[in-house]
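The structure under discussion appears below in the form of C-alpha cells.
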Amino acid sequence: MTVTSHSDYVLISDTEYFDLDKTLDCGQCFRFERMEDGGWQGVALGRRLRMYQSEKGICIYGITKSQFENEGFYDYFDLGRNYGEINRVLYSDPVLRPMISEGSGIRILRQPPFETLVSFIISTSNNIPRIKQIIDRLCKQFGRRAQDGFGEYYTFPDCGTLSELGLDQLAAIRAGYRDKYILDCAKKVAGGEVDLKAVKQMEYPDAVKELTKIKGVGVKVADCVLLFAYGKLCAFPRDVWIKRALEKLYPDDGGKALMQSQYAGIAQQYMYFWARNNHITTL
C-alpha cells in the first residue's frame, strides 16, 4: 500500500485488502462511528480522523502525511502486512473459505495497549453500543480536551490520570462493576506492577500471565489485547459467537489446528465477522 499527501487529506491507495467498513465494525475498536455521509469519524493515537473509502482508496482527513508516518498510523492500520498472502495460506482450510471471502479486507489494528486493555475490560458481558457509550463518557470525563478543524474532541485518558481516581469518581461513566477493574488496571500499569512495554517482547504464555495480573482480565480479554494492541496473531479471542461457531463447524476437535496456526488471530476476525452476520443462526 502507498500513502500520498493531497491538499487536505492523506490517501491510502492499493486497498484491495483494506475494507474500512469491515475493519472498523468488527468488534476490535470502539472509538469510531459511521457518519451520515457514509464515512467514519473517530479518535486514534490522540487525533480525530475522518475517513472515506472509494475506488481510488481510503481518504483520511485531519492528518498530514508527515503526521501519518511519524506518529504510528502506518502500524496502527497494519499497512506493512501482506493480507493477500495470509488469505492464500488460510484458504487451505475448507471450512474457513467462505469466511475469508466474506471478511477479506479486515485488518488487525495496532491500538495503544492501555486503551485496549481498559476498552476490553469494559466490553466484558456488554454489547458494542453500550461499550462505546461508556468509553465516550470515560474520555469526556477524564481525557484531554482537544480541538481540530472539525471541532472539539477528547483523547483517551492515560493510566496515571485514572490511577488517581476513586470509585466514586469513576461511577460517572456508568460502567457498573467494571469500575473496580478499570481502577485496578490503571494502578497496576501506572505503578509498574504490569509492564505493558515488556508484553510486546514476551512469548504468548508469559504475556497472558502478565495481563491477567489485573482483576477482571481473563484469557479472553488478554487475547483481545494481545491481538488488537500488539498484533500477536497467535492470540485467538473466544467469545460466545466464536465458541458457537467452533463447536458447529469443527465438531471433531473444536478447531484446534486453526487456533494453533500462525494466522489464528486473523482467522478469528473472519470467523467473528461471518458469525455476526447471522450465518451462525443457520448452522
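The values are calculated or read from the model by the stated rules, or taken from the named source; none is laboratory data. Given the structure is predicted, the values throughout are model-derived calculations rather than measurements. Note: ideal-geometry Cβ built from the backbone for every residue, glycine included; neighbour counts use all protein chains shown. We work out accessible area using only protein heavy atoms, side chains counted, and drop any ligands, DNA or RNA first. Shrake-Rupley method; radii C 1.70, N 1.55, O 1.52, S 1.80 Å.
In the stretch 1-45, what percent of the accessible surface is made up of carbon and sulfur (1.4 Å probe, ligands and nucleic acids excluded)?
Percent of accessible area from carbon and sulfur atoms in the stretch 1-45: 41.
Can you list the chymotrypsin sites (Phe, Trp or Tyr not before Pro) in the stretch 70-167 that are in a DSSP coil and have 15 or fewer other beta carbons within 10 angstrom?
Y91, F150
Just from the alpha-carbon atoms, what are the Rg and Dmax of the stretch 111-173 in angstroms?
My reading of the Cα-based Rg and Dmax gives 12.1, 37 Å.
Would you work out what percent of the accessible area of the stretch 94-222, with all protein chains in place, is carbon or sulfur (probe 1.4 Å)?
50
If every alpha-carbon in the stretch 1-105 counts as one equal scatterer, what log10 I(q)/I(0) does Debye give at q = 0.17, 0.20 1/Å?
Log10 I(q)/I(0), no solvent term: -0.83, -1.10.
Identify, among T124, F142, P113, the residue whose Cα sits farthest towards the positive end of the charge dipole of the stretch 104-236, taking +1 on the Cβ of Lys and Arg and -1 on the Cβ of Asp and Glu, with the dipole about the Cα centre.
Most positive-ward Cα: T124.
Quick one: Cα centre-to-centre distance for the stretch 100-146 and the stretch 1-52, in angstrom?
15
Let's test the formula: R0 of 25 Å, r as the Cβ-Cβ distance of Q67 and D21. What FRET efficiency results, to the nearest 0.05?
0.55
Can you compute the charge dipole magnitude of the chain about its Cα centre, using +1 on each Lys and Arg Cβ and -1 on each Asp and Glu Cβ, nothing else charged? Give it in debye, rounded to the nearest 20.
I would put it at about 660 debye.
How large is the convex hull of the C-alpha atoms of the stretch 48-135 per residue, in Å³?
159
Once you sort the root eigenvalues of the Cα gyration tensor of the stretch 186-283 as a ≥ b ≥ c, which label holds: rounded (a/c under 1.5), prolate (a/b larger than b/c) or oblate (the other case)?
Prolate, because a/c is 1.5 or more and a/b exceeds b/c.
Rounded to whole Hz and in sequence order, give me ³J(HN,Hα) for the stretch 266-272 from the Karplus expression 6.51 cos²θ - 1.76 cosθ + 1.60, θ = phi - 60°, writing x for Gly and Pro.
Each residue of the stretch 266-272 in turn: 6, 4, 4, 5, 4, 5, 5 Hz.
Going from the alpha-carbon gyration tensor of the stretch 52-193, what semi-axes, largest first and in whole Å, does one get by taking the root of 5 times each eigenvalue?
For the stretch 52-193, the ellipsoid semi-axes come out as 33, 22, 15 Å.
Would you work out which of M35, G218, Y177 lies farthest towards the positive end of the dipole of the chain? Charges go on Cβ: Lys and Arg +1, Asp and Glu -1.
Y177
Nearest 500 deg cm²/dmol is fine: what mean residue ellipticity at 222 nm does the chain get from its DSSP H runs of n ≥ 4 alone, each adding -39,500 (n - 2.57), divided by its residue count?
-12000 deg cm²/dmol
From the list (i) 17.4, 57; (ii) 18.8, 56; (iii) 20.3, 61, can you say which value of Rg and Dmax of the Cα atoms in Å was derived from the structure given?
Only one listed value fits the structure, namely (ii).
Just the accessible area per residue of the chain, please: how many Å² with a 1.4 Å probe?
46
What FRET efficiency do you get for R244 and D206 if R0 is 45 Å and r is their Cβ-Cβ distance, rounded to the nearest 0.05?
Using R0 = 45 Å, I get an efficiency of 0.90.
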